[in-house]
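Enquirer: Pasting a structure below so you can have a look.
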Amino acid sequence: MPQNFLGLSFEAGSLSQIASYAAEGDLVTLLRSLGVGVLRFGGVTADERVGWAENASERPAWAAQTLDAADLRQLGALADNSGWQVLLTLGLAHYEPEAAAREAAAAKAALGERLAAIEIGNEPNSYAAHGFRSEPWSIVQYDEQVTAYRNAIEALAPGIPLAGPDSSGSKAFESWGLGEAIHQLPALLTGHHYPLSCNEQPPPTIERLLSPEIRQLEQASLRHYTKIAELIEIPFRLDEANTVSCGGVAGISNTFASALWAVSYLAKAMTMGVAGINLQGNPSNCSGYTPLCATTSEALATGALVAQPEWYALLLAKQLLGERPLRTSISSSQGPLVPSTPGATAAPGQTPSAPNVEVTTFLASDGTLHFVAVDDDPPGSRSVALGLHVGAGFHGASILALTAPAPAALSGVRLGGQVVAANGSWSAPARLPRVANKAGVITVKLEPSSAALLTVAPIAG
């Protein structure tokens, strides 16, 4: 797994606010707690609301707000202080290649090597549907406009890597991603994922978010993305992903269920060769999807951000960076676990039907095994005994558990029994629960509506 696999995504409209946390608040500490990652700024506001201006008097007529060089310099300070890189989306809906070139040049000057890449347009495959372009609008017309942007950018700031096409989903990516790869040769392919839609009927629920059906659909979606990336040999990054589209749904996106979803999805994407994921968030809205947010307007102004449930999923996933996914098998005496993906074996007699459990496995360079286990069964279900068939060459397992009172819980999330401190820091407890290796099998009890990182070290010599 790349060290910069983990990332956050924010609307371009939040860039100035986020950048202001370079020297105040707890964002730098929070980011450092995940290692190195990628901050992406884009979303619909990159196309609809935010324009580039050399000074306040040059705001485009269509723009509700502007970015300028001072904003990007502050963002550069945040990137330097945290050690993170930046993926920046330039608006394409309002066709302004010269303004985009000036913005790109300012970004390069302010961020230097911290500028991972630029994207041109947010979900451009949907422009015709949203009234930004008239038909015909396809990858052909998009490619022509991207080329004009790139020519203008290259003239002012040569050498900035391109990412794209930033498509709205994996189905569109099959044509748009392939076209982008062939014609533009980007450094990075990008696309978005939301398992549930804000407009679907019946409405989204926690049960559906955590269902085997959603897991199967997500596996198919990831396969659409990664097969293009593998074919063209260009890395693919999910630069915008979260639970429910349109900013999320209160009572789903801000609950512990979102953390269970995120652990499972992050681990699954790792096993399928995705280069990274940016979880979308809104620092001013704690009721929607967001790993971090401010609970008051004063907290937003000062950068006093709090960790939402999804942040704990990122902290768990951080333990896997630099490791290699293993191809293993998972089964149950009650029937196949769904979906059939890397993992372990559920011991017999623990549940009356196949449990809603997923396990993925990773190998560290020192031979340590990491099992990521997620049990999405609802509270009140029977616990599952996972039998990890590792053989006699390993010690027992330590257990870093991700828990909360219930999937619908808005608080009470713990990772290893610990909470993220007020200053944004988190550290694993000095001693974790352990279970022994008995005749090559480690049996771990997994509670419903919980997740765990199981660490199994090899016996030296």
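FYI, it's all coordinate maths here, none of it is from the lab. Keep in mind that what you see is a predicted model, and the values were worked out from it rather than measured. Here the Cβ is made from the backbone with ideal geometry for all residues, glycine too, and neighbour counts use every protein chain on show.
Enquirer: Give a quick list of trypsin sites (Lys or Arg not before Pro) in the stretch 212-321 that DSSP marks as loop, anything other than H, G, I, E or B, with at most 10 other Cβ atoms within 10 Å.
Expert: Of the trypsin sites (Lys or Arg not before Pro), not one in the loops of the stretch 212-321 has a Cβ with at most 10 other Cβ atoms within 10 Å.
Enquirer: In whole angstrom, how long is each semi-axis of the equivalent ellipsoid of the stretch 1-146, when you take the square root of 5 times every eigenvalue of its Cα gyration tensor and sort them from largest down?
Expert: Three semi-axes, in Å: 27, 18, 13.
Enquirer: A follow-up question, please. Computed on alpha carbon atoms, what radius of gyration and Dmax characterise the stretch 359-461, expressed in Å?
Expert: Taking only Cα atoms of the stretch 359-461, I get Rg and Dmax of 14.7, 46 Å.
Enquirer: Kirkwood hydrodynamic radius (Cα pairs, Å) of the stretch 100-142?
Expert: Taking the inverse mean of 1/r over all distinct Cα pairs, the stretch 100-142 comes out at 12.3 Å.
Enquirer: Also: Just to be sure I understand: of the beta bridges DSSP finds with both ends in the chain, what percent are antiparallel, rounded to 5?
Expert: The antiparallel fraction comes to roughly 50 percent.
Enquirer: Here's something else I'd like to know. Largest first, please: the extent of the C-alpha atoms of the stretch 1-49 along each principal axis, to the nearest Å.
Expert: 33, 29, 9
Enquirer: In addition: Straight-line reach only, C-alpha to C-alpha below 29 angstrom: list the lysines that K108 could link to, leaving out same-chain residues fewer than 8 apart.
Expert: K318
Enquirer: Place the peptides 61-74, 21-34 in order of packing, highest mean first, counting for every residue the other Cβ atoms within 10 Å and averaging per peptide.
Expert: Order by mean packing, descending: 21-34, 61-74.
Enquirer: Residues with beta-carbon under 15 Å from that of N282, excluding N282: net charge, scoring Lys, Arg +1 and Asp, Glu -1?
Expert: Summing Lys and Arg as +1 and Asp and Glu as -1 gives -1.
Enquirer: What nm value, rounded to one decimal, do you get for the distance between A129 and T368 when each label is placed 7 Å out toward the C-beta?
Expert: So the two model labels end up 4.4 nm from each other.
Enquirer: Can you give the Rg and Dmax of the chain based on its C-alpha atoms, in angstrom?
Expert: Here Rg and the maximum Cα pair distance are 22.2, 74 Å.
Enquirer: What Kirkwood hydrodynamic radius, in Å, does the stretch 370-421 give when the mean of 1/r is taken over all pairs of distinct Cα atoms and then inverted?
Expert: For the stretch 370-421, the Kirkwood estimate is 13.5 Å.
Enquirer: Excluding residues fewer than 8 places away in the same chain, name every one of the aspartates and glutamates whose C-alpha is closer than 12 Å to that of K227.
Expert: E174
Enquirer: Based on the mean of other Cβ atoms within 10 Å per residue, sort peptides 360-367, 132-139 so the most packed one is first.
Expert: Answer by packing, highest mean first, reads 360-367, 132-139.
Enquirer: Two decimals, Cα atoms only, Kirkwood Rh: what is Rg/Rh over the stretch 395-436?
Expert: 1.05
Enquirer: In addition: Would you please name the GluC sites (Glu not before Pro) within the stretch 157-221 that are DSSP coil residues with at most 16 other C-beta atoms within 10 Å of their C-beta?
Expert: Of the GluC sites (Glu not before Pro), the ones in loops of the stretch 157-221 whose Cβ has at most 16 other Cβ atoms within 10 Å are E200.
Enquirer: Would you mind classifying the stretch 143-277 by shape? Square roots of the alpha carbon gyration tensor eigenvalues, ordered a ≥ b ≥ c; an a/c under 1.5 is rounded, otherwise it is prolate if a/b is larger than b/c and oblate if not.
Expert: prolate
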